[in-house]
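Here is the structure we will look at.
The values are calculated or read from the model by the stated rules, or taken from the named source; none is laboratory data. A quick note: this is a predicted structure, and the numbers were derived from the prediction, not measured. Positions of Cβ are backbone-derived with ideal geometry, glycine not excepted, and every protein chain shown enters the neighbour counts.
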Amino acid sequence: MSDSLIQMKTIKDIKTLPSELQIDARIVYHELKEVEKTVQGIIEKVMNEGDSGLRVLTEQFDHCRITDFIIPNSELECAWHQAEPEFRNTVEQIVQTVRDFHYKQLEHSKCFARNQSILGEIISPIESVATYVPGGRASYPSSVIMTVVPAQIAGVKNILLLTPPNSKGEVSKDILAIAHYLGLNKIARVGGAQAIAAVAFGTKSIPRVDKVVGPGNIYVTVAKRLLYGIIGVDSLAGPSEVVIIADEACQPSWVALDLLAQAEHDPLSRAILFSTNDDVINQVQIAIQNELKSHSLPFAKAVPIYLFKVDNLLSAFEMTNQIAPEHLELCCTDHLRLLPLIRHAGAIFLGNGAPVALGDYGYGPNHVLPTMSGSRFSSPLSVRDFLKTSSYIFPQEGDPTLIYSRYARLAEREGFFFHRKSLLARISPHDRV
């Protein structure tokens, strides 16, 4: 990997985000539209042909023939017991750490009195969920923990795990082992847009579910987008990204590693450094160059790492809020005091001892995060994604807010004759609640 990996630029105008860091919504829209036709064809094939359509698509995209999509439980159990003790011990500890954090997100039903009347919310788990674990360039067993644990804490009864097979029709033993440890008994070796279509409509092998969660490639994202409403979805994922804000308090060699760690995710990843200090930028650049002399990124296409000089930290925070990054590291003095300046970020990592990789592998919070500036309006995957709310009212006589004629006047203005009549009927003494 050459030095062209690193792009340097000095920023002085705090009002203007460099063009390299701006997401053009029109371009994103057209990219999604380009893929949409292909995905529509995939969805319709699964909808019309079920398992046979899935087999054809799996052979086309994953280059393998699948007889049984559902992996036998014996294979999951075998994967766990054959795993080395150190791996099993690591999984057990990380699962407990992730559970401890996510238990604090659990919400409960509530009710309250308003005068003599009773109002409230019933919070209940979604009944069936599919969790998608990517398996394109590599398998991601950590995503099994991140998608399944919050669903289990929420109380989801039926959890189906979807993950693409390799060219031999196999699924990562690590994924199978963790699934067994978590008590899953239904794993389907199917991926891509066809997997999302399968759980949206149901096939002979794969049950229909109420919601699908977890990150995937652009085909998975577009399938979610097209099928939303038929099935619930968590978010529409894009390429991964990190912003690091650093000053003289940082460890430049660690910052360099964190930028490279982000760059190795995907050829479309973005790794961005804002620093107020010239020496920091120079040392980070040298550290990156030294690392790449010994280790190259796994992509033929160079992933840009942007190193930007800013006049002050306020400039860095302002531009970071415009980017609304998936990951944000604050490696600067007084980072706790500066934390309130962050308005948009999926996950925030404070101090030199908090690399993004710590969050990726289960320190507590979820690693399924909003991307492509999605943190402006969405949140990390959580227990809340697996809960739904039903509201209820039990009005009683004597409640001064129970004036049926008041609500009937709004119904009349909206032109709903029987809404109005339904309300006014309650005014009759014989029909009072």
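Residue count for segment 67-105 under the criterion of being assigned to a loop (DSSP other than H, G, I, E, B) and without any contact (Cβ under 8 Å) to a residue 60 or more places away in the chain: the result is 4. Somewhere in segment 11-27, is a residue among the acidic types (Asp, Glu), loosely packed, with under 15 Cβ neighbours inside 10 Å and modelled with pLDDT of 65 or more? Checked segment 11-27: at least one residue is among the acidic types (Asp, Glu), loosely packed, with under 15 Cβ neighbours inside 10 Å and modelled with pLDDT of 65 or more.
Residues in segment 206-236 that are of a type in the set (S, T, N, Q) and under 18 Å from residue 346 (Cβ atoms): 221, 235. Of all residues in segment 314-338, those satisfying the criterion of being surrounded by fewer than 21 Cβ atoms within 10 Å (Cβ to Cβ) and either aliphatic (A, V, I, L, M) or in a strand (DSSP E or B) (or both) are 314, 336, 338. Within segment 357-406, the set of residues being β-branched (Val, Ile, Thr) and either in contact with a His (Cβ under 8 Å, 6 or more places away or on another chain) or not in a strand (DSSP E or B) (or both) comprises 368, 371, 383, 401, 403. Looking at segment 62-74, can you tell me whether even one residue there is of a type outside the set (Val, Ile, Thr), over 21 Å from residue 231 (Cα atoms), buried (at least 17 other Cβ atoms within 10 Å of the Cβ) and modelled with pLDDT of 95 or more? No, segment 62-74 has no match at all.
With respect to the conditions (1) surrounded by 16 or more Cβ atoms within 10 Å (Cβ to Cβ); (2) assigned to a helix (DSSP H, G or I); (3) out of contact with any Lys or Arg (no Cβ under 8 Å at 6 or more places or on another chain); (4) of a type outside the set (Lys, Arg), residue 410 falls short on a single one, namely (1). Is it true that residue 241 is more than 30 Å from residue 340 (Cα to Cα), of a type outside the set (Lys, Arg) and modelled with pLDDT under 95? Answer is no for this residue. Note on segment 106-136: among residues that are part of a strand (DSSP E or B) and among the polar types (S, T, N, Q), the one that is modelled with the lowest pLDDT is 117.
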